[in-house]
Amino acid sequence: MKKIFMDHASTTKVDKEVIDAMLPFFSEYFGNPLSLHSFGREARKSLDQSRKKVADLLDAKEDEIIFTAGGTESDNIAIKGAAYQNKNIRESRGPHIITSAIEHPAVLETCKHLETQGFKVKYLPVDEYGIVKINDLKDSISENTFLITIMLANNEIGTIEPIEEIGKIAKENNIPFHTDAVQAIGKVPIDVNKLNIDLLSISSHKIYGPKGVGALYIKKGVKIQPIVHGGGHEKGLRSSTHNIPGIIGLGKACELAKKRMEKDTKYIKNLRDKLIKNVLQIEESYLNGHPEKRLINNAHFRFTGIEGESLLMRLDEKGIAAATGSACSSKKLQASHVLTALGLSPIDSHGSLRITLGRENMEDEVSYVSEVIQEIVDQLRSMSPLWTK
Ligand SMILES: Cc1ncc(COP(=O)(O)O)c(C=O)c1O
């Protein structure tokens, strides 16, 4: 059976060029970049080159990038780091963070943890498409707000937030602005200066790089405290011996993302639009998220009268990998916090399916997957007590 991977928001296959770039760094150039001998110097040179490649993708400077163990760690370093830097705000309302209700758990759980430590957090609601309302943001700012953290694009529904406007407001109010760009990187052109971004998280495995490595952009002059203490690597903000093969892989993945962004965008967006057009021909099927302001590879549907998990399992039996709309991380099968924030009922949320396309998907796969979805939706509806037609 042919296998079709359409779950690129969860992870991506490592690009062959990335693997080739990484391989020599396991056994040939295995030095520790902090060592003073030739092995260390070789590793150091490659570390610096990777830093430049990451910086180039963001229009940042090399010394504004630190390497981390992935998107989750970058988010934690940025948010907790800013919080510890500002813990002494002791005015009546306490130090204050503004975020959105639809962030990835890497941000939401970090904010929830900080609430237990005395920090105040405002979780901004979103509209029916998942877009943060600018007036709510403006109204939430107080003299104690020390960080705004709002994702660039959502990992479930693919909605792209009005980052330029948010960055402008943050700058006007002199508040550092962090954005989780894990899903957006390589798909949305990012110029951190133009967008007034102070802190930005990325992860390698979403852009055809290896897992377990990421980076955090920290604008020159922005101060955060370390959350991991040790040998003082990465300006003291992320101690631990560098994962050189991973960092080389991330650098190469960023270089390729920059080189291929235009071509990838055209190709993948075309596939996504075909998929959306086909699938929306199914009776009582809907697109979740914004029709235009969405990631080029994201198609997120809901189907009346069926259950996303059953659809997913039947797709899997046919070799097709996708994701459900309801993030069932809890055993209670809770509806996704993102879909709930859009105002969807638990029943509608559970009837959702996320398909995220990638470079290696082909047009005939899109046609095949659309047909299989139609077939399975029909089968499930014929057995569903929720489908009364
Ligand atoms: C928006 C977003 N932020 C953070 C992460 C976490 O990244 P990582 O898996 O590298 O820790 C993910 C992963 O799915 C994500 O989609």
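The values are calculated or read from the model by the stated rules, or taken from the named source; none is laboratory data. Note that this is a predicted model, so its numbers are computed, not measured. Here Cβ is always computed from backbone atoms with ideal geometry, including for glycine, and neighbour counts include all displayed protein chains.
Got a number for residues in segment 191-210 being near the ligand (Cβ under 9 Å from one of its atoms) and farther than 14 Å from ALA153 by Cα? Talk me through it step by step, then tell me what you get.
Initial filter on segment 191-210 (near the ligand (Cβ under 9 Å from one of its atoms)): 201-206.
Subset that is farther than 14 Å from ALA153 by Cα: 204-205.
So the count comes out to 2.
Please work out if ASP48 is at pLDDT 95 or above, more than 30 Å from GLU360 (Cβ to Cβ) and away from the ligand (no atom under 16 Å from the Cβ). So that I can check it myself, show each step before the final result.
Details: at pLDDT 95 or above: yes; more than 30 Å from GLU360 (Cβ to Cβ): yes; away from the ligand (no atom under 16 Å from the Cβ): yes.
It is true that ASP48 is at pLDDT 95 or above, more than 30 Å from GLU360 (Cβ to Cβ) and away from the ligand (no atom under 16 Å from the Cβ).
Looking at VAL107, is it assigned to a helix (DSSP H, G or I), within 26 Å of THR159 (Cα to Cα), within 16 Å of the ligand (Cβ to nearest atom) and at pLDDT 95 or above? Can you show your working first?
On the way: assigned to a helix (DSSP H, G or I): yes; within 26 Å of THR159 (Cα to Cα): yes; within 16 Å of the ligand (Cβ to nearest atom): yes; at pLDDT 95 or above: yes.
So VAL107 passes the test.
Taking into account only those residues within segment 1-42 that are of a type in the set (Lys, Arg) and without any contact (Cβ under 8 Å) to a residue 40 or more places away in the chain, which is nearest to the ligand (Cβ to nearest atom)?
Start the filter on segment 1-42 by keeping residues that are of a type in the set (Lys, Arg), which leaves 2-3, 13, 16, 41.
Now narrow it down to the ones that are without any contact (Cβ under 8 Å) to a residue 40 or more places away in the chain: 16, 41.
Values: LYS16: 21, ARG41: 29 Å.
Looking at the filtered set, the residue picked out is LYS16.
Does segment 113-131 contain at least one residue that is away from the ligand (no atom under 16 Å from the Cβ) and buried (at least 22 other Cβ atoms within 10 Å of the Cβ)?
Yes, because at least one residue in segment 113-131 is away from the ligand (no atom under 16 Å from the Cβ) and buried (at least 22 other Cβ atoms within 10 Å of the Cβ).
Of the residues ASN135, ASN76, ASN88, only one is more than 15 Å from the ligand (Cβ to nearest atom), at pLDDT 95 or above and not charged (D, E, K, R); which?
After ruling out the rest, the residue left standing is ASN135.
I'm checking my understanding of the structure. Among residues of segment 211-240 that are in contact with a strand residue (DSSP E or B) (Cβ under 9 Å, 6 or more places away or on another chain) and over 30 Å from GLU156 (Cβ atoms), which one is farthest from the ligand (Cβ to nearest atom)?
Taking the candidates together, the pick is LYS235.
Would you be able to say whether some residue in segment 177-187 is of a type in the set (A, V, I, L, M, F, W, C), surrounded by fewer than 22 Cβ atoms within 10 Å (Cβ to Cβ) and not in a helix (DSSP H, G or I)?
no
Would you pick out the residues in segment 52-78 that are under 12 Å from GLU255 (Cβ atoms) and surrounded by fewer than 23 Cβ atoms within 10 Å (Cβ to Cβ)? Don't jump to the end; show me each part of the working.
Start the filter on segment 52-78 by keeping residues that are under 12 Å from GLU255 (Cβ atoms), which leaves 52-57.
Passing the criteria: LYS52, LYS53, ALA55, ASP56.
Does any residue of segment 366-387 turn out to be among the polar types (S, T, N, Q), more than 30 Å from ASP15 (Cβ to Cβ), in contact (Cβ under 8 Å) with a residue 24 or more places away in the chain and not in a helix (DSSP H, G or I)?
Initial filter on segment 366-387 (among the polar types (S, T, N, Q)): 367, 370, 374, 379, 382, 384.
The next check asks that each one be more than 30 Å from ASP15 (Cβ to Cβ); those that pass are 374, 379, 382, 384.
In the following step, the residues that additionally are in contact (Cβ under 8 Å) with a residue 24 or more places away in the chain were identified as 374, 379, 384.
Pick out the ones that are also not in a helix (DSSP H, G or I) and you get 384.
Yes, there is a match, as at least one residue in segment 366-387 is among the polar types (S, T, N, Q), more than 30 Å from ASP15 (Cβ to Cβ), in contact (Cβ under 8 Å) with a residue 24 or more places away in the chain and not in a helix (DSSP H, G or I).
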